[in-house]
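Undergrad: Sharing a structure with you now.
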C-alpha cells in the first residue's frame, strides 16, 4: 500500500523501528563511573562478564566475585588486554556456602572503605537436586540465600557509597514461581525448573522487600530488580540436565540475544541517573525476551508485603545475617 505522501507502509514501519532503536538505552549512555566501586557476582562469564566489561569501559572499578578464581583471573586478563589499566580484582565467592560469603565480605571491608554498587547477578539453573554446604537446596542457596547474606554483610559499605545501589537479577520465570515454605529443600518433591522458578521468585521478593525497608529507614541505598530476557549464557548449559538442557542449550539458542545485550537492564539499573529504587528493569521486546531496557511488571505475588516479610525473616534465620539499616537522617 502506498500513501499520498509516496511513503509505503513498510517504509513507515522501517522508520519507526529505526527511531525506536535510536531511542533505546545502550551501554554508550552509561555515565562516567570513575572512582566508583562495584561488586559483580558471577563476573567471569555471561551477563556478569558483559556487565564488568561495560563498567570498566566507563572507568568503574569492579570486584569480580567468582566461584572459580582461575576463571576470574582469566576474565581479568581478557578485559585488561582490551582495556589496559582497567580497575579489576578477582576474588573467590561461593554463594552456596555462607562461610565463603562471610569471608568475601570481610575481605571487601578490609580493602575498601565504601562500595557504590552491588550487582547480585550469579546463579545456577535447573541442576539435579543437591544441597549446599549448610544443607539448603542448591538453587535457593546460591541464587537467593547467598545474595541475601552478601547484601546484608555489605550494607554498611553501600551506605557510605556514592549513589549506592543494589541490583538483584531475577527472571521472567519469577512469574511462574512460588515459595515452597513447607519443603524448601525439596525433600518430598523436587523438580529442577520448579525450584529454579522458586529461586527467581525469591530474588524478586527480596529486591522489592529490600526497597521497602531501605525506604522506611531513609537509607541512601536504592534496591532495583532487573532481568535479561532470553540471553545465551552458560546458565542454560552448565547445570541443567535432560530436556531442560536440550531445550535451552540447543533448540532455543538461535532465538537468544548475546550477553552484551542481555546485560543492558542490569547496567541501566546500576548506573543510570533516572533509575529509581523499587523499579524492575527488563527488555522492551516481545514477551520481554530481548530488546533495550525499560520498566517492566513485577508479579503481584512477588510484590506482596506479607510474602516479603515472611521470606525476609526466614532468610535471616537460615543465613544468620540481620541487616543493620542506618538511622533516619
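Undergrad: Output the number of the condition that residue 149 fails; it satisfies all remaining conditions of (1) within 24 Å of residue 49 (Cβ to Cβ); (2) in contact with a strand residue (DSSP E or B) (Cβ under 9 Å, 6 or more places away or on another chain).
TA: Here residue 149 clears every test but (2).
Undergrad: Condition first: surrounded by fewer than 18 Cβ atoms within 10 Å (Cβ to Cβ) and part of a loop (DSSP other than H, G, I, E, B). Now tell me which residues in the stretch 181-230 satisfy that.
TA: 181, 182, 183, 185, 187, 188, 189, 190, 191, 218, 220
Undergrad: Would you check which residues across the stretch 54-81 are in contact with a strand residue (DSSP E or B) (Cβ under 8 Å, 6 or more places away or on another chain) and exposed (fewer than 15 other Cβ atoms within 10 Å of the Cβ) and list them?
TA: 69, 80
Undergrad: Please enumerate the residues belonging to the stretch 258-286 that are at pLDDT below 95 and either surrounded by 19 or more Cβ atoms within 10 Å (Cβ to Cβ) or closer than 12 Å to residue 227 by Cβ (or both).
TA: none
To keep it simple, each residue is scored yes or no on (1) in contact with a helix residue (DSSP H, G or I) (Cβ under 6 Å, 6 or more places away or on another chain); (2) not in a helix (DSSP H, G or I).
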site	(1), (2)
34	no, yes
40	yes, yes
44	yes, yes
50	yes, no
55	no, no
59	no, yes
64	yes, yes
71	no, no
76	no, no
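Undergrad: Can you confirm whether residue 84 is modelled with pLDDT of 95 or more, more than 23 Å from residue 317 (Cα to Cα), surrounded by fewer than 18 Cβ atoms within 10 Å (Cβ to Cβ) and touching a helix residue (DSSP H, G or I) at 6+ places or on another chain (Cβ under 8 Å)? Give the steps one after another, and end with the answer.
TA: Numbers: modelled with pLDDT of 95 or more: yes; more than 23 Å from residue 317 (Cα to Cα): yes; surrounded by fewer than 18 Cβ atoms within 10 Å (Cβ to Cβ): yes; touching a helix residue (DSSP H, G or I) at 6+ places or on another chain (Cβ under 8 Å): no.
Judged against the criteria, residue 84 is not a match.
Undergrad: Within the stretch 279-309, can you find the residues that are out of contact with any helix residue (DSSP H, G or I) (no Cβ under 6 Å at 6 or more places or on another chain), within 21 Å of residue 155 (Cβ to Cβ) and in a helix (DSSP H, G or I)?
TA: 305, 309
Undergrad: Output the qualifying pairs, or none if there are none: Cβ atoms under 9 angstrom, residues six or more apart or on different chains, first residue in the stretch 35-54 and free of Cβ contacts under 8 Å to residues at least 12 places away in the same chain, second residue assigned to a helix (DSSP H, G or I).
TA: As it stands, the answer is none, since no pair meets every condition given.
The values are calculated or read from the model by the stated rules, or taken from the named source; none is laboratory data. Given the structure is predicted, the values throughout are model-derived calculations rather than measurements. FYI the Cβ positions are ideal-geometry reconstructions off the backbone, even for glycines, and counts take in every protein chain you see.
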